[in-house]
Amino acid sequence: MQPRQGEESEDMGVKSKAAAAIVILLLFLGCLWLQGGLHYHWDSCLKSYNQLNNQLTNSSGAGEAEGPLRQEGCPGQTFQVSALLSHLQDASASPSDIMLQPYLSSWDELVRFMEALGPMVGLISNEIETKTTLIRQLALAAEEGPEAELRPGRPPARFAGASGAEDRRAYRSVRSMIQAELQSGLVDFKQTSDSGCRTLLRLHRALDWLRLFLEKLAETPASGTSGRLRGPSELCREAYQSTLAHHHTWFVRRAAELAFIALPERGFFYRLVCVQNQEELSRLLLRVVAAIAQVYDRTEGILEDNQMLDLP
């Protein structure tokens, strides 16, 4: 009996090591998300992995169907769909532009959404936070003027021929950012650059993925069917394959699909946004999808007008 127990213990050890190796591999590949590349440090991957989301503590939602659309917040949750809607509406307040500050705030809330889905999907949020931080640093450097360039870790923000007042308004909106960066030569159409325009394009592509995922999650069974709702994992994978996958290498696509396997079941999303059934979830998500689509479509048009949809 003793040798057999030893063999079983050894098998368990091998399996544990194999599982740990898979997790480490996925952590590493997560850092390649949104074409982040290999220059992001391994420490940042480990930091992202350690930022696990707290367990959901509130499983009850509003009693009326209209409740989720009117409530100010969802008790017990870090992600707040009401805050996301507010930021998206503020971002598209201008009839022909996208305001950058609420746009980035929308991403802050979407990062909380992804982190709530578990550590594997939460890895993606690390790449997104890197990109929103870069745009904010560029905006801060423009506001503070030339002296900001002397500070360590602060990206350059030189706008040739612009006054100090114009510098401070450079990152007020997507259009003003594009105009300022084109005038300063910060945008490079031939090779990778740390411009706000290139960074915005990567966020723009990721927003399309999340929009399509939420749209699919809002779907209800067609009349005359068996009524089966497909799992979030399958829906997220489909949305990814239709959007971001076109911009990723084979290696990153495989890693992403592995991460989507770990998505929670549909009931988790009910609790996350404080609804009680698919009908309530659909109404709420379709409102979110419409707000995202307005921001996405307008950003798409602005980038297309400036021939920036294929920035390297």
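Descriptive notes on the structure:
- Only one of the numbered conditions (1) open to solvent by less than 60 Å² (accessible area, probe 1.4 Å); (2) under 27 Å from ILE98 (Cβ atoms); (3) in contact (Cβ under 8 Å) with a residue 12 or more places away in the chain; (4) assigned to a helix (DSSP H, G or I) is not met by VAL187, and that is (4).
- Hits in segment 124-162 (condition: surrounded by fewer than 17 Cβ atoms within 10 Å (Cβ to Cβ), closer than 16 Å to SER173 by Cα and either at pLDDT below 50 or of a type in the set (Asp, Glu) (or both)): GLU143
- Here ASP194 does not qualify as touching a helix residue (DSSP H, G or I) at 6+ places or on another chain (Cβ under 7 Å), at pLDDT below 95 and not in a loop (DSSP other than H, G, I, E, B).
- Breaking point among (1) open to solvent by 10 Å² or more (accessible area, probe 1.4 Å); (2) in contact (Cβ under 8 Å) with a residue 60 or more places away in the chain; (3) farther than 19 Å from THR130 by Cβ, for HIS247: (3)
The values are calculated or read from the model by the stated rules, or taken from the named source; none is laboratory data. It should be emphasised that the depicted structure is a prediction, and the values quoted were computed from it without experimental measurement. Counting neighbours? That spans all protein chains shown, and the Cβs are built from the backbone with ideal geometry, glycine included. The accessibility values were calculated without ligands, DNA or RNA, using every heavy atom of the protein model including side chains. Shrake-Rupley method; radii C 1.70, N 1.55, O 1.52, S 1.80 Å.
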